[in-house]
1. Considering only residues that are of a type in the set (A, V, I, L, M, F, W, C) and either more than 20 Å from A221 (Cβ to Cβ) or crowded, with 21+ Cβ neighbours inside 10 Å (or both), which ones fall in region 177-190?
2. Look at region 320-362 and say how many of its residues are under 17 Å from G136 (Cβ atoms) and in contact with a Pro (Cβ under 7 Å, 6 or more places away or on another chain).
3. Could you pull out every one of the helices (runs of 4 or more DSSP H) wholly within region 8-73 that has 3 or more residues that are under 32 Å from the mean Cα position of the chain (by Cα) and touching a residue at least 24 places away in the same chain (Cβ under 8 Å)?
4. Identify all residues within region 550-587 that are surrounded by 19 or more Cβ atoms within 10 Å (Cβ to Cβ), in contact with a Pro (Cβ under 8 Å, 6 or more places away or on another chain) and under 30 Å from K335 (Cα atoms); write none if there are none.
5. Say whether the condition of being modelled with pLDDT under 85, charged (D, E, K, R) and in contact with a Gly (Cβ under 7 Å, 6 or more places away or on another chain) is met by at least one residue in region 333-354.
6. In region 306-328, what count of residues is obtained for those that are open to solvent by 30 Å² or more (accessible area, probe 1.4 Å) and either without any contact (Cβ under 8 Å) to a residue 12 or more places away in the chain or touching a strand residue (DSSP E or B) at 6+ places or on another chain (Cβ under 9 Å) (or both)?
7. Has region 31-38 got any residue that is of a type in the set (D, E), open to solvent by 20 Å² or more (accessible area, probe 1.4 Å) and more than 21 Å from D579 (Cα to Cα)?
8. Taking L303, is it farther than 22 Å from G165 by Cα and either in a helix (DSSP H, G or I) or open to solvent by 10 Å² or more (accessible area, probe 1.4 Å) (or both)?
Amino acid sequence: MFPTPAIVSRLEASSLFTPADLYQARFTATLYPDQNQNVIAALTALVSLAVREGHVCLHLGHAQTLAHLASLGITNQDLEQLKILAAPDKNGPLVLRGSHLYFARFYHNEITVAQMIQTMVQAEPDLFFLPAQALGPALDENNDPDWQTMAVFAALRSRFCVISGGPGTGKTHTVARILDLLTQIHPHLSIGLAAPTGKAASRMTQALNTAFKDQIPLHLARSIWGQAQTVHRLLGLRPGLSSTYHGKNPLPLDVLIVDEVSMLDLELATRLLEALPRQARLIFLGDRHQLASVEAGGVLANLCQAVEVNHFSEAFEIQWQSITKTTTALPRAKKLRPLTDHVLELQKSWRFAAQSHIAQWATLIRQGRAESGIEFLLEPSQDLTFIPNKGNLTALLAPFIVDAFAPLQQITDPAQALSHFDTLRLLSPVHHGPRGTLALNALVQKIVLGKTIDPTRPWYAGRPIMILENDYSLDLFNGDVGLALPVDGILRVFFAGSDGVRSFIPGRLPRHETCYAMTVHKSQGSEFEHTVLIVPEEPCPVLSRELLYTALTRAKKHFTLCAPINQIRQAILSPVLRDSGLKALLT
């Protein structure tokens with residue numbers, strides 16, 4: 001057992017820290033035996049807390065951090081001493097860079113990601129030769145640059161490209177064009193497709209099949225290395241074991257495309273970049289306005305913040321005009337940065353019409369325009385409904401629930417049942433509490449099944465479940481959703497996949513839970529005809545601009561918000577800010 005610095009009792013009393021934070025604090029203090037143990041323990045606990053909250057590091061200059069330090073008796077003199085103890089060249093467990101204090105592992109991860117991306121963007125542009133018509137329309141209907149074609153051009157031109165865009169802006173269609181042209185320009189490529197979750201990987205495969213009208217060109221089909229898969233599976237990552245692919249055994253790929261990168265945390269991004277061959281091409285796809293990963297780091301957001309999105313260099317413009325035979329000027333970057341020419345955002349939504357209230361409200365949320373957003377929310381709309389979160393929740397939600405979920409007890413065709421289930425989803429920011437997913441799932445079961453539920457027999461026809469952990473032997477992953485349906489009088493649980501519907505007996509499934517309702521985090525990468533967000537009546541610290549935007553953009557046709565109006569106003573005004581040094585390393 002480690003010796004316990006005196007300050008640990010004060011840390012315990014603060015209720016901010018978990019036992020894991022305090023264990024880390026005691027352990028790290030032992031590694032600095034000649035220093036002030038209380039200072040080391042307190043700072044370590046604060047870094048551990050920051051990481052749990054999604055930050056990569058602890059920003060010593062933030063007002064909240066300064067208040068914590070003052071309450072723990074840590075002085076400026078202590079912080080000056082820290083500059084010597086935690087310098088990057090000291091090889092200790094803590095690293096201080098500027099005002100950012102890291103655990104060494106996260107510091108080295110950031111350095112690795114920044115260096116590898118810098119290497120890719122510094123490579124000479126790929127001067128390919130294609131007829132202008134093969135690239136696609138250079139201008140849109142307003143004679144402005146066509147952003148999908150621009151993204152295709154940028155991805156063909158360089159070894160690294162980020163393509164951001166909201167739902168329905170054509171990210172998958174753009175990638176289909178990129179892959180088609182890449183394999184025409186460079187035959188015999190080996191192409192990998194990946195996403196952070198199994199659900200997102202499956203949707204990626206399905207979306208690409210749709211983009212090619214279910215007939216992927218032969219020259220491309222020969223190049224794709226299997227179907228889209230999770231990043232963990234791509235790398236051969238298993239809990240407690242080293243990965244199959246890494247720096248000394250790189251992936252056998254020439255091109256890697258990763259979807260839903262907003263969910264990619266710093267640790268996984270590091271492993272992925274380390275495993276890429278030196279000459280490989282990497283394309284990141286995602287929506288920079290969505291929620292970041294649950295784990296520490298927001299890689300996509302940092303990449304997009306490190307550059308003026310959709311602003312270009314003179315060299316990029318000259319090559320674009322040469323290939324497309326146009327003279328239209330492109331938005332010029334005010335300052336050339338490492339990621340200039342490498343980060344683009346698709347602008348036009350093909351899912352929502354210009355008059356769509358969902359699309360218009362999403363724009364107001366992204367822009368942080370709280371008062372305009374509230375006024376807009378209260379206007380009559382065909383696709384956006386606001387219900388003040390007061391009174392009997394059963395009465396508010398029952399009409400939606402009965403129409404969408406009751407038929408699941410009668411539908412026997414698995415594909416039809418799974419499709420019908422996606423007509424409605426209830427979302428909550430939280431798991432626990434009277435408006436959390438656990439309570440909402442219990443409420444739905446009560447409304448739909450009434451007294452027919454036998455609490456000793458949790459399985460019934462039409463029960464939807466979500467997988468909570470990866471099971472590589474069954475090819476089931478965290479976030480996969482299935483439905484229990486009868487087959488010859490016996491219940492089996494059916495899952496939709498890129499190659500059709502699969503089923504398992506309930507006893508074989510990894511850890512799972514009922515999922516009429518799910519957290520907004522768990523809904524990322526999914527789309528539902530009608531999405532209902534239920535916000536707790538009490539203050540909800542996790543509610544943010546990104547969470548509200550993510551929930552809204554899960555809806556394909558209709559979005560219903562059940563919430564206290566003041567909480568929505570505060571959410572629009574509260575973007576998620578994650579401390580990281582990655583942006584600075586790339587500017």
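1. Applying the first criterion (of a type in the set (A, V, I, L, M, F, W, C)) to region 177-190 yields 178-179, 181-182, 185, 189.
Result: I178, L179, L182.
2. Total satisfying the criteria: 2.
3. On the way: elements: 8-14, 19-30, 37-52, 63-71.
Helices (runs of 4 or more DSSP H) meeting the threshold: 19-30, 37-52.
4. Once the filter is applied, which keeps residues that are surrounded by 19 or more Cβ atoms within 10 Å (Cβ to Cβ), in contact with a Pro (Cβ under 8 Å, 6 or more places away or on another chain) and under 30 Å from K335 (Cα atoms), region 550-587 yields only L586.
5. Checked against the condition, which is being modelled with pLDDT under 85, charged (D, E, K, R) and in contact with a Gly (Cβ under 7 Å, 6 or more places away or on another chain), region 333-354 yields at least one hit.
6. 8
7. Within region 31-38, the first condition is being of a type in the set (D, E), and the residues that meet it are 34.
Next, only the ones that are open to solvent by 20 Å² or more (accessible area, probe 1.4 Å) stay: 34.
Filter again for more than 21 Å from D579 (Cα to Cα), leaving 34.
Scanning region 31-38, I find at least one residue that is of a type in the set (D, E), open to solvent by 20 Å² or more (accessible area, probe 1.4 Å) and more than 21 Å from D579 (Cα to Cα), so the answer is yes.
8. On the way: farther than 22 Å from G165 by Cα: no; either in a helix (DSSP H, G or I) or open to solvent by 10 Å² or more (accessible area, probe 1.4 Å) (or both): yes.
When the stated conditions are applied, L303 does not pass them.
The values are calculated or read from the model by the stated rules, or taken from the named source; none is laboratory data. This structure is a prediction, so every number in the text was calculated from the model and none was measured. As a convention, Cβ positions derive from the backbone with ideal geometry for all residues, glycine included, and neighbour counts pool all protein chains shown. With ligands, DNA and RNA removed, areas are computed over all heavy atoms of the protein, side chains included. Shrake-Rupley method; radii C 1.70, N 1.55, O 1.52, S 1.80 Å.
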